[in-house]
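See structure below.
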Amino acid sequence: MTACIVGWAHTPFGKLEDPDIESLFGRVALSAIHDAGIEPAEVDAAFVGVFNGGFSKQDFFASLLLQHVPELRFKPTTRYENACATGSAAIHGALDFLAAKRGRFALVVGAEKMTATPGPEIGEILLSASYRKTEGEIPAGFAGVFGRIADSYFQRHGDQSDALAAIAAKNHKNGVANPYAQMRKDLGFAFCRAESERNPFVAPPLKRTDCSLVSDGAAALILTDEETARGMAKAVRFRAAAQATDAMPIAARDIIRFEGARAAWGKALDQAGLALTDLSFVETHDCFTIAELIEYEAMGLTPEGQGARAALEGWTAKDGKLPVNPSGGLKSKGHPIGATGVSMHAMAAMQLTGQAGEMQLPRADVAGVFNMGGAAVANYCSILERVD
């Protein structure tokens, strides 16, 4: 059975006044239900993505949805966590529920409240998505992990600082058109390329403009089967949904190849019966600019070691041959951990249904969505298309 997205909701990302996850749930859960044109009582199950890891003393989040959607009482509601791919894990739970024909409508909610936590604690919490036995003492936390990945990539393929700056500049330029983005400012290539007081090194060779933003935010989706979706106002079909998990220790693999991402993309494209060239655009996981660069190679856009070409030659710009992150990506949109995967699917659905506003691409027929947890450990890839 094929599943479809038939409704969505999205908060702005950034430093929000919402005091907690429960409040963020309240901003998107009912809105997504209403956007789908159904009643709350029609939702058969809910799938909740929250990383937490110490951002909140409150845990056990799934049942908190009932404060805002009391009609969910006595229905299955489950919390998912898979590092930065937590939102996509919740989506896969909903897809499995629908495939098993256990219900007709599934609600997926992803959220995170990060900005109330002091900076040093944020770094420590995020480092728990790496292998602490061997990576726990890396300076600069998770940014330090990706700094080491960037350094290893540079050693093998040469200094790619120009390409990383081009990726940052592209995503910030795209983010200007995104009303949900945390940073809506076109910083330009020169600013992103140069080390400065406003753009210092965080984990060399990565600068501040190479790192995604600490954010609060939430997003939600309503999923249903295709037969039901065809009678609704809008529908975006999952032509494929693939997951590939790799070993967590970066020392256990060739870390600059993102082999788990490569496997997820291969599975998804095979499942969809498509080639990368059939896609209109991609939303990919640019937690750090080096991640987007390596993901170009993992998805097959360029050969290994040549990802810089895609960035520097404009292949991935909004008017390029494969636009990547027309939403601005995590780089400008922000990265509230549990909300990210749900947000990426919502942004793609907006494009495919012509509802992306100023972000809208001239052609948006088929989309690829890649969401990654840890350093290419939890890898999820979806191929989405509009149901006509």
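Give me the pairs, please: first residue somewhere in region 60-79 and free of Cβ contacts under 8 Å to residues at least 12 places away in the same chain, second residue anywhere and buried (at least 21 other Cβ atoms within 10 Å of the Cβ), beta-carbon distance under 7 Å, and either six or more positions apart or on two chains.
From region 60-79, the pairs are 66/72.
Run down 124, 137 and say which single residue is open to solvent by 10 Å² or more (accessible area, probe 1.4 Å), outside any helix (DSSP H, G or I), farther than 21 Å from residue 342 by Cβ and of a type in the set (Asp, Glu).
137
On the basis of being out of contact with any His (no Cβ under 7 Å at 6 or more places or on another chain), modelled with pLDDT of 95 or more, under 15 Å from residue 250 (Cα atoms) and open to solvent by 30 Å² or more (accessible area, probe 1.4 Å), does residue 162 make the cut?
For residue 162, the condition - out of contact with any His (no Cβ under 7 Å at 6 or more places or on another chain), modelled with pLDDT of 95 or more, under 15 Å from residue 250 (Cα atoms) and open to solvent by 30 Å² or more (accessible area, probe 1.4 Å) - is not met.
Quickly run through region 46-90 and pick out the residues that are open to solvent by 10 Å² or more (accessible area, probe 1.4 Å), among the aliphatic types (A, V, I, L, M) and over 30 Å from residue 123 (Cβ atoms).
66
Just the residues that are closer than 19 Å to residue 50 by Cα and open to solvent by 10 Å² or more (accessible area, probe 1.4 Å), please, taken from region 361-379.
377
Among (1) assigned to a helix (DSSP H, G or I); (2) among the charged types (D, E, K, R); (3) open to solvent by 10 Å² or more (accessible area, probe 1.4 Å), where does residue 234 come up short?
It is condition (1) that residue 234 fails.
Of the numbered conditions (1) within 24 Å of the chain's Cα centre (by Cα); (2) open to solvent by less than 10 Å² (accessible area, probe 1.4 Å); (3) closer than 30 Å to residue 2 by Cβ, residue 43 fails exactly one; give the number of that condition.
For residue 43, the exception is condition (1).
Listed here are the residues, each with its yes/no results for (1) touching a residue at least 60 places away in the same chain (Cβ under 8 Å); (2) open to solvent by 10 Å² or more (accessible area, probe 1.4 Å); (3) β-branched (Val, Ile, Thr).
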| residue | (1), (2), (3) |
| --- | --- |
| 305 | yes, yes, no |
| 312 | yes, yes, no |
| 328 | yes, no, no |
| 331 | yes, no, no |
| 353 | yes, yes, yes |
| 359 | yes, no, no |
| 386 | yes, yes, no |
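Listed here are the residues, each with its yes/no results for (1) free of Cβ contacts under 8 Å to residues at least 12 places away in the same chain; (2) touching a Ser or Thr at 6+ places or on another chain (Cβ under 6 Å); (3) within 30 Å of residue 28 (Cα to Cα); (4) in a loop (DSSP other than H, G, I, E, B).
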{"site": "180", "(1), (2), (3), (4)": "no, no, yes, yes"}
{"site": "219", "(1), (2), (3), (4)": "no, yes, yes, no"}
{"site": "242", "(1), (2), (3), (4)": "no, no, yes, no"}
{"site": "263", "(1), (2), (3), (4)": "no, no, no, no"}
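Among residues belonging to region 1-15 that are modelled with pLDDT of 95 or more and open to solvent by 30 Å² or more (accessible area, probe 1.4 Å), point out the one that is farthest from residue 227 (Cα to Cα).
15
The values are calculated or read from the model by the stated rules, or taken from the named source; none is laboratory data. All values reported here derive from a predicted model rather than from experimental measurement. Glycine also receives a Cβ, built like all others from the backbone with ideal geometry; neighbour counts cover every protein chain displayed. With ligands, DNA and RNA removed, areas are computed over all heavy atoms of the protein, side chains included. Shrake-Rupley method; radii C 1.70, N 1.55, O 1.52, S 1.80 Å.
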